[in-house]
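Sharing a structure, written as structure tokens. Questions coming.
The values are calculated or read from the model by the stated rules, or taken from the named source; none is laboratory data. Since the model is a prediction, treat every value here as computed from it, not as a measurement. When we count neighbours, we look across all protein chains shown, and the Cβ atoms used for this are built from the backbone with ideal geometry, even at glycine. The accessibility values were calculated without ligands, DNA or RNA, using every heavy atom of the protein model including side chains. Shrake-Rupley method; radii C 1.70, N 1.55, O 1.52, S 1.80 Å.
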Amino acid sequence: MNMEQLKEFVCLEVRKRDLESELKGVGARIDDLEQALVPQFLSDGVASMKVDGRTVYIAQDIHASPLKDRAEVIAALKRSELGQYVSENYNTQSLRAFVREVAADVRLQCQQQDRLFNEEEIRAALPSPLGDALKISFVHSLRSRKA
């Protein structure tokens, strides 16, 4: 048995656990700061800022979830022309992708017609009765990239 390799393995395992623990703490602190900063970006109307060689920006994600329960969404998908999203359940990732596609079209239409792009505009554009079964939410988060 090569004891040097075994000692190096143990040392790296300990270091890995320490780094994972530190990373968990850093992630929690980032989450806390994001919760404090996103409302500031939104209320100040700031889309992005450059800080220390990085561009920090607001990223908008769109989530679709049941207004009441999943069964209502399943029934709505079956009644509409979107039956491919249903098995015994429905594929939340595929449905989310579909809602994002609709949202992209709605965003463009709202820009062209100088209307406010919001959650209700997206719901109204969804096929009936799906729009009545889904709650559409804008979720904002902070991201950064090299400036």
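Once neighbouring chains are kept in place and the probe is 1.4 Å, which whole percent of the accessible area of the chain is contributed by carbon and sulfur? If you can, show how the numbers build up before the last one.
Numbers: 5390 of 10510 Å².
The nonpolar share, carbon plus sulfur, comes to 51 percent.
Let me ask another. Roll a 1.4 Å probe over the protein chains and send me the accessible area per residue for segment 49-147 in Å².
Values: 6210 Å² over 99 residues.
So segment 49-147 comes to 63 Å² accessible per residue, rounded to a whole number.
Okay, moving on. If I fit a long axis through the Cα atoms of helix 3-44 and take the longest principal axis of the Cα atoms of the chain, what angle between them do I get, 0 to 90°, rounded to 10?
40
Note down the magnitude of the dipole of segment 44-140 about its Cα centre, charges +1 on Lys and Arg C-beta and -1 on Asp and Glu C-beta and zero elsewhere, to the nearest 20 debye.
Numbers: 12 positive and 14 negative charges, 30 e Å.
In total the dipole reaches around 140 debye.
On a 0 to 90° scale, report how tilted helix 92-112 is relative to the longest principal axis of the chain, with both axes built from alpha carbons and the result rounded to the nearest 10.
60
Related question: With the contact rule set at Cα under 8 Å and sequence spacing of 6 or more, what percent relative contact order holds for the chain? Please list the in-between numbers first.
Numbers: 136 pairs, mean separation 50.0, N = 147.
Once normalised by length, the contact order is 34 percent.
Using a 1.4 Å probe and counting only protein heavy atoms, arrange T55, T92 so the residue with the most accessible area comes first.
Working: T55 10, T92 70 Å².
Solvent-accessible surface, decreasing: T92, T55.
When ranked by the protection proxy of mean other Cβ atoms within 10 Å per residue, highest first, what sequence do the peptides 135-142, 75-82 form? Display every interim value, and only then the final one.
Working: 135-142: 14.4, 75-82: 16.1.
Listed from highest to lowest mean packing, they are 75-82, 135-142.
If you rank Y57, Y85 by how much accessible surface each has, with a 1.4 Å probe, what is the order from largest down?
Numbers: Y57 55, Y85 35 Å².
Output order, biggest surface exposure first: Y57, Y85.
Quick one: which residues, 5+ away or cross-chain, put their amide H under 5 Å from the amide H of R54? H built at 1.01 Å from N.
Sorted by chain and number, the residues that satisfy this are A147.
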